[in-house]
Amino acid sequence: MNATHRSRIAKIREKLADLELDALMVSIQENRYYLSGYTGEDAQFDESAGVLLVSASQLVLATDSRFDLQARAEAPDFEVVCYRKGLEKELPAIAANLDIRRLGFESVRLSHKNHAAYAKALQTVSPPVELVPTENLVEDLRKTKSEEEIQATVDALRLAEKAFSRVVATIRPGMTEKQVAWDMEKAMRELGAQGLSFPVIVASGPNSALPHAIPSDRRIVEGEPLLIDWGARLNEYCSDTTRTLVVGKPKDPFQNVFDTVVEARDRAIAAIRAGASGTEVDKIARDFIDKNGFGDKFGHGLGHGTGLAVHEAPRLSPIKDDLLEAGMIVTVEPGIYLPNWGGVRMENQVVVIQDGVRVLNDPAPFNPCIGN
């Protein structure tokens, strides 16, 4: 087992001892990878590429025949159990072999249907196995990143920024949002992205007032805001950036809104350091936007962690008071959204350090006006 996985599993085992659990069943895709290196992907919520079972002395990866060879190659330190009739049929034998009495499970991922099936199956073990809900045992470890994880994020970010520069040079009035979104996806793939962090958002004019707009057949018009939110996934780690542009000469109130958002973002970034709280940082950006007359036009949280998932802990938010620690990667993405006109969001990724922050994005000045 490599040193990274050994250290992570040792920390999970410490948590199991504290909670008086005999083992943890890990079913969240990113958590499986984090502890084992296994990259099997869940096609959708009700389909699984398998689970890890981590006990005090043994490691098991249970999966089906689609992933059997992959699991053995990617997670050589785990005993691979290939189930043929579903996990619930194999789980009692695994639990008996690992001498499990109390089995923790990731409550955010296990459906009611599967929980009922597993609980029933585990009653056949003598003595019966108790299923115990847990939260964030692995996610709490994932919040702070190693230097290798930070570099993986930077690599994904540089690729995404290169794709953006390539596409922006081709944007012209009359292109549709869908065209630009496809060009962004194509560029990232051609540059070597493993995949997208999330579907590319391209929103022009009034559509940009929708924070998570879906690209449409609407055509780009000169002078209107054009919001692009995109990210590349590379070596399992995600980047996430938003830029708002305007083709040609911007129409009012673009410059005022844009300048307010950028200043709010930069003030928040300047406040980030180890020991700061997510609510404090969010408030700095939110208060500045409010002072400039747009307080009710910024509804979402200021930012979120990124890593193996594009949205993970910690949060910069008025409703979740996460404490920032050195090594955490977060987005800082204030926005102002004006119905029937459009919106502006500007997002950077940063890593928290002990006495401040390091911005991971390209430091080159950004000019929102293109083709002017």
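The values are calculated or read from the model by the stated rules, or taken from the named source; none is laboratory data. Computed from a prediction, not measured in an experiment: that's the story for all the values here. Positions of Cβ are backbone-derived with ideal geometry, glycine not excepted, and every protein chain shown enters the neighbour counts.
Residue 43 - would you say it is assigned to a helix (DSSP H, G or I), farther than 25 Å from residue 122 by Cα, in the same structural domain as residue 107 (by TED's automatic domain parsing) and aliphatic (A, V, I, L, M)?
Values: assigned to a helix (DSSP H, G or I): no; farther than 25 Å from residue 122 by Cα: yes; in the same structural domain as residue 107 (by TED's automatic domain parsing): yes; aliphatic (A, V, I, L, M): yes.
Answer is no for this residue.
Would you be able to say whether some residue in the stretch 237-249 is in a helix (DSSP H, G or I), in contact (Cβ under 8 Å) with a residue 40 or more places away in the chain and closer than 18 Å to residue 338 by Cβ? Show your work before the answer.
Of all residues in the stretch 237-249, those in a helix (DSSP H, G or I) come to none.
Looking through the stretch 237-249, none of the residues is in a helix (DSSP H, G or I), in contact (Cβ under 8 Å) with a residue 40 or more places away in the chain and closer than 18 Å to residue 338 by Cβ.
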Quiz item: Looking at (1) under 17 Å from the mean Cα position of the chain (by Cα); (2) modelled with pLDDT under 95, which is the only condition residue 321 fails?
Solution: (1)
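Would you check which residues across the stretch 96-151 are of a type in the set (A, V, I, L, M), closer than 30 Å to residue 349 by Cβ and not in a loop (DSSP other than H, G, I, E, B) and list them?
Applying the first criterion (of a type in the set (A, V, I, L, M)) to the stretch 96-151 yields 96, 98, 100, 103, 108, 110, 116-117, 119, 121-122, 125, 129, 131-132, 137-138, 141, 150.
Narrowing further to those that are closer than 30 Å to residue 349 by Cβ: 108, 137-138, 141, 150.
141, 150, listed by residue number.
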Self-check item: Of all residues making up the stretch 189-208, the number that are farther than 25 Å from residue 224 by Cβ and part of a helix (DSSP H, G or I)
Solution: 2
Practice problem: Could you run through the stretch 313-372 and say how many residues are touching a helix residue (DSSP H, G or I) at 6+ places or on another chain (Cβ under 9 Å), surrounded by 18 or more Cβ atoms within 10 Å (Cβ to Cβ) and among the aliphatic types (A, V, I, L, M)? | Solution: 13
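With 180, 200, 167, 132 as the choices, which residue is in the same structural domain as residue 91 (by TED's automatic domain parsing), at pLDDT 95 or above and aliphatic (A, V, I, L, M)? Walk me through how you get there before you give the answer.
Working: 180 fails: in the same structural domain as residue 91 (by TED's automatic domain parsing); 200 fails: in the same structural domain as residue 91 (by TED's automatic domain parsing); 167 fails: in the same structural domain as residue 91 (by TED's automatic domain parsing).
When all the criteria are applied, what remains is 132.
Kindly indicate whether any position in the stretch 82-91 is within 20 Å of residue 141 (Cβ to Cβ) and either surrounded by fewer than 23 Cβ atoms within 10 Å (Cβ to Cβ) or at pLDDT 95 or above (or both). Before you say what the answer is, go through the steps one by one.
Taking the stretch 82-91 and keeping what is within 20 Å of residue 141 (Cβ to Cβ), we get none.
No, that holds for no residue.
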Quiz item: Checking residue 44 against (1) more than 27 Å from residue 148 (Cα to Cα); (2) among the polar types (S, T, N, Q); (3) more than 22 Å from the chain's Cα centre (by Cα), which test does it fail?
Solution: (3)
